[in-house]
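> If you scroll down you'll find the structure; I have some questions about it.
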């Protein structure tokens, strides 16, 4: 069920800019991985720590699963990013982005006393950039700007 949204101009454009910026980040990360023939999530998965470390190590240890994870990661990033940028299937793209970021966070949780081989951009305690971007995507789900600005406006507008 679609509800009318009554955002101020500043609210609407701020939310759209947030959506596009996150989309750009996702799409750029995906394209970078796609264009690098040597990219694999193997190192990232093997560097996992925390409660789900065994699951991520098992993924890395199975060549077939690793290939599927690499494919889904690259194309997930590209398609989620493109959807967020143009506002196409935005709810699906946002929720998919939340799930992908949740896996990144669970693989490399920001907990005390844990260090990773892959250097981080700072020192984190519970909250890191993946969790912040996940929360921002949740805001995008809750405030559906694609009903006003985006391709979904044309696809799902019943007027």
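The values are calculated or read from the model by the stated rules, or taken from the named source; none is laboratory data. Worth saying up front: this structure is predicted, and the values here are computed from it rather than measured. Virtual Cβ from ideal backbone geometry, glycine too; neighbours counted across all protein chains shown.
> Quick one: in the stretch 35-45, of everything that is part of a helix (DSSP H, G or I) and surrounded by 15 or more Cβ atoms within 10 Å (Cβ to Cβ), which residue is modelled with the highest pLDDT?
First pass over the stretch 35-45, keeping only residues part of a helix (DSSP H, G or I): 35, 42-45.
Next cut, surrounded by 15 or more Cβ atoms within 10 Å (Cβ to Cβ) only: 42, 44-45.
Numbers: 42: 93, 44: 87, 45: 90.
Applying the filter and picking the extreme gives 42.
> Quick check: is even one residue across the stretch 55-72 in a helix (DSSP H, G or I), within 29 Å of residue 149 (Cβ to Cβ) and touching a residue at least 12 places away in the same chain (Cβ under 8 Å)?
No, that holds for no residue.
> I need a count of the residues in the stretch 142-159 that are loosely packed, with under 14 Cβ neighbours inside 10 Å and modelled with pLDDT of 80 or more.
3
> Another question about this same structure. Quick check, is residue 12 surrounded by 14 or more Cβ atoms within 10 Å (Cβ to Cβ), more than 20 Å from the chain's Cα centre (by Cα), assigned to a helix (DSSP H, G or I) and touching a residue at least 40 places away in the same chain (Cβ under 8 Å)?
Yes; evaluated as a whole, the condition is true for this residue.
> I've got another one for you. Need the failing condition index for residue 97 against (1) under 15 Å from the mean Cα position of the chain (by Cα); (2) closer than 25 Å to residue 16 by Cα; (3) modelled with pLDDT under 95, just the number.
(3)
> Okay, moving on. So the check is Cβ under 6 Å with 6+ separation or different chains; which pairs have a first residue in the stretch 75-102 that's at positive phi and a second one that's surrounded by fewer than 20 Cβ atoms within 10 Å (Cβ to Cβ) and not in a helix (DSSP H, G or I)?
Sorted first by the residue in the stretch 75-102, then by its partner, the pairs are 87/151.
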